[in-house]
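See structure below.
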Amino acid sequence: MTAGPGVTVTGNGSASLPYVVSAGGAATAVEAADTPTVDTTVTGTGSADAPYVVSSAVILDPAPPGGGANLVQAGPDGLYLECEQVRGCLSAGDGIAYDPGTGEIAARPSTEAGNTLTIGGDGGLLVPPAVATPTGLQGTDTPTVDISVTGTGAPGDPYDVSAAVVLDPAPPGGGSNLVQAGPDGLYLECEQVRGCLVAGTGIAYDPGTGEISATGGAAEPLVTDDSTCISLTGDGTAGAPLTASPILDPAPGNALTCGPGGLLVTPGAVSCDDVRPCLSAGDGIAYDPGTGEISARPSTDAGNVLGFGTDGGLLVPAPEALETACGLTGDGTTGAPLAASVGTWAYPCTLDDNAGQVYCDSTGQLRGEPRSYATFVQDQQVLNPANLTVPAPQDTEVASHTLVINNPDPCRPAFVMVEGEADADFNLPPGSGAALGITTDEMSYVANNGATTLLDVHVQGTKVVNTTIPPGGSINFTIAITMGRGSGGATYNRIQSYLRAFVFVL
C-alpha cells in the first residue's frame, strides 16, 4: 500500500498484522451506528497496537409490533425458520381442532345436544340417516374468518358454505397490514417487508432492493470481525466499502436465502414438497401429502348420508317422505310432521287430569293402562255343635270364619266389598233367651215367653264392609261369630256362616 505525504502505513494487511495508517496527527474517530436490524460494535483506538475492530450482529425483535413471538431464530450456524415456529401462527376456529405441537388439523363436531354430526368408526365425518327435517345451518364469524351460508338445504338448493379470511385494516401497532390477499390466497413478499426498514447514521439502505451498506468518508482501513449470523467484508474505503452479509445455516431444510433484494424464502428455495410434510390429516379430513390437497372425508360407515354435491360441497340429502301405517300420520316433513293418530276427547272431564297413559313394551308395541279386573269369591262354613249352652256375657265369640282374598292385579291395589253372614239354630225352653252377633255387633235377640220349648229357632244377621289389597297381595278376612245373654237353659246346635267378596281393580 502506498502512503501520501505525511502519512505512515504499517502492517501487511493480514489478520495478525493489519494495515495501520497514521497521518502524524490524531487518528480519525470511528463510531458504531446501530440500525433497527443490525447491532454494530467498534473496539480499538485505531493505533497500530490497537486497530479499530468493527463487528455486527443481526437484531431479532423480541417483541414484534403485532404482539406475537418472533418466528425467525438465530442458531450457531445462522438464522433459521422451521415448521415448529410456523405452527404456532395457526389457531383453530369454529368446527376445527388444531394441534400446534404436531400441526394436525381435524374437524371438530359440536358437543351441543341434538348434533347428529359425529366421527365415524373409520375416522370420517358421519351424519346418521335423518328421520326428520334437517337441522338448519348457520355460519358464525370469528375475528379472523368471515363465514357465509346460502341455500336452504333442500334438494336443488343445497347449503353453500364459504369462508373468507379477515385482514385487519388497522393493525394495533398503527401501521399498514403487511399480509395481502390475492386471487390465489394470502401472501407476504419482500416488497412489503422492505418498507419497514430505514437507514440510520452510517448506514445506506435501498428499500427497492433491500441492500444495507455502511456509509462514511475517507478513514483508516477497518478490521472486521464476523459474528455467527453476519459476515463483514471490505475495509471501509471507497474501493472496498464495508459490506455486511447474512450467514445462512447450510443445514438441510433451511429455506432462508439471500436474494438480490435481501433475505427471503423464495418459491424455489421452499417448494410445496418441503411444506407439505408439516401438515397431517385428522378426523374428517383427507390430506394427500403428494399433491397438498386437503378435502373433507365423509365416513364410510353404513348409513352415513353425508356426501358431496354436484358443486363439490358437502351435502346431506333431504330425507325422503315417510310412509305411515296404523297409528301414525304425516310424512316427517315440516308441513306434515310425523305424529300419533289420536281420537277426539269426548268426555266432560279434562283430558290432562283424567286420561290414562300409553306405553311402549319390550317388543316396541304400544300398550295402554293395565286391564281392569272384577272377580267374586265366597266360602260357606257349617258347624253342628251338640246343644251347647248359650253364654250369658254379651259378644262372647263362639266361632270364627276366615276367607282368603287375592288381588289378581300385580300393578294396582284392589278395592274389595266383603259381605259376612252368620245364622244359628237355638233351642229355647220356656222363659229362656239368646242373642247372635258378628264381632261386637249384637244383631238379634230371641226369647221364649211361652209354656213349651221352641226347637231350632233360626236367627240370621249380615254385615257388609270394604277394604283394599296391595298389588299382587292377599288378605285373610276373618269374622268372629258371637253369642250372649243366654238364659233359662237356652242352647244352640248349629252355626252357619257365609263370606262373600267382590274384588274390583279399575
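Residues to consider are Ala346, Ala355; find the one that is open to solvent by 70 Å² or more (accessible area, probe 1.4 Å), free of Cβ contacts under 8 Å to residues at least 60 places away in the same chain and not hydroxyl-bearing (Ser, Thr, Tyr). Break it down into steps so the answer makes sense when it comes.
Working: Ala355 fails: open to solvent by 70 Å² or more (accessible area, probe 1.4 Å).
Checking each option against the conditions leaves just Ala346.
From the list Leu125, Leu90, Leu81, which residue is open to solvent by less than 60 Å² (accessible area, probe 1.4 Å) and either basic (Lys, Arg) or within 30 Å of Pro277 (Cβ to Cβ) (or both)?
The match here is Leu125.
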Kindly provide the set of residues from region 93-113 that are assigned to a loop (DSSP other than H, G, I, E, B), touching a Ser or Thr at 6+ places or on another chain (Cβ under 9 Å) and either farther than 30 Å from Thr152 by Cβ or open to solvent by 70 Å² or more (accessible area, probe 1.4 Å) (or both), ordered by number. Asp94, Pro100, Thr102, Gly103
So which strands (runs of 3 or more DSSP E) stay within region 156-257 end to end and still have 3 or more residues that are farther than 24 Å from Gly46 by Cβ and open to solvent by 60 Å² or more (accessible area, probe 1.4 Å)? 160-165
Can we say Val465 is over 60 Å from the mean Cα position of the chain (by Cα) and either within 19 Å of Ile405 (Cα to Cα) or open to solvent by 10 Å² or more (accessible area, probe 1.4 Å) (or both)? yes
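Within region 352-378, which residues are among the aliphatic types (A, V, I, L, M) and modelled with pLDDT of 90 or more?
Within region 352-378, the subset among the aliphatic types (A, V, I, L, M) is 355, 358, 366, 374, 377.
Listed by number, the residues that qualify are Ala374, Val377.
Given the structure, is Glu369 charged (D, E, K, R), within 30 Å of Ser432 (Cα to Cα) and out of contact with any Asp or Glu (no Cβ under 8 Å at 6 or more places or on another chain)?
no
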Name the one entry in Val305, Val270 that is out of contact with any helix residue (DSSP H, G or I) (no Cβ under 6 Å at 6 or more places or on another chain), closer than 24 Å to Tyr98 by Cβ and either aliphatic (A, V, I, L, M) or modelled with pLDDT of 75 or more (or both). Val270
Is it the case that Ser400 is over 23 Å from Ala374 (Cβ atoms), part of a strand (DSSP E or B) and open to solvent by 50 Å² or more (accessible area, probe 1.4 Å)? yes
Does any residue in region 39-64 that is closer than 22 Å to Cys229 by Cβ come within less than 7 Å, Cβ to Cβ, of a residue that is among the polar types (S, T, N, Q) and open to solvent by 40 Å² or more (accessible area, probe 1.4 Å) six or more places away or on a different chain, and which pairs are these? Val53/Thr43; Val54/Thr224; Ser55/Thr41; Leu60/Asn70; Asp61/Asn70; Pro62/Asn70; Pro64/Asn70
If I filter region 330-339 down to residues being open to solvent by less than 70 Å² (accessible area, probe 1.4 Å) and of a type outside the set (Ser, Thr, Tyr), which single residue comes out as nearest to Ala154 (Cα to Cα)? Gly332
Within region 51-80, work out how many residues are assigned to a loop (DSSP other than H, G, I, E, B) and in contact with a strand residue (DSSP E or B) (Cβ under 7 Å, 6 or more places away or on another chain). 5
So, in region 409-445, exactly how many residues are under 60 Å from the mean Cα position of the chain (by Cα) and either of a type in the set (Asp, Glu) or open to solvent by 20 Å² or more (accessible area, probe 1.4 Å) (or both)? 7
Is there a residue in region 382-395 that is small (Gly, Ala, Ser) and part of a strand (DSSP E or B)? no
Inside region 287-307, can you point out the residues that are free of Cβ contacts under 8 Å to residues at least 40 places away in the same chain and farther than 18 Å from Gly95 by Cα? Asp288, Pro289, Gly290, Thr291, Gly292, Glu293, Ala302
If you go through region 47-77, how many residues are surrounded by 15 or more Cβ atoms within 10 Å (Cβ to Cβ) and farther than 30 Å from Glu104 by Cβ? 9
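The values are calculated or read from the model by the stated rules, or taken from the named source; none is laboratory data. Note that this is a predicted model, so its numbers are computed, not measured. All Cβ positions, glycine included, derive from the backbone under ideal geometry; neighbour counts span all protein chains shown. Ligands, DNA and RNA are stripped out before the accessible areas are found, and what is left, the full protein with its side chains, is counted by its heavy atoms. Shrake-Rupley method; radii C 1.70, N 1.55, O 1.52, S 1.80 Å.
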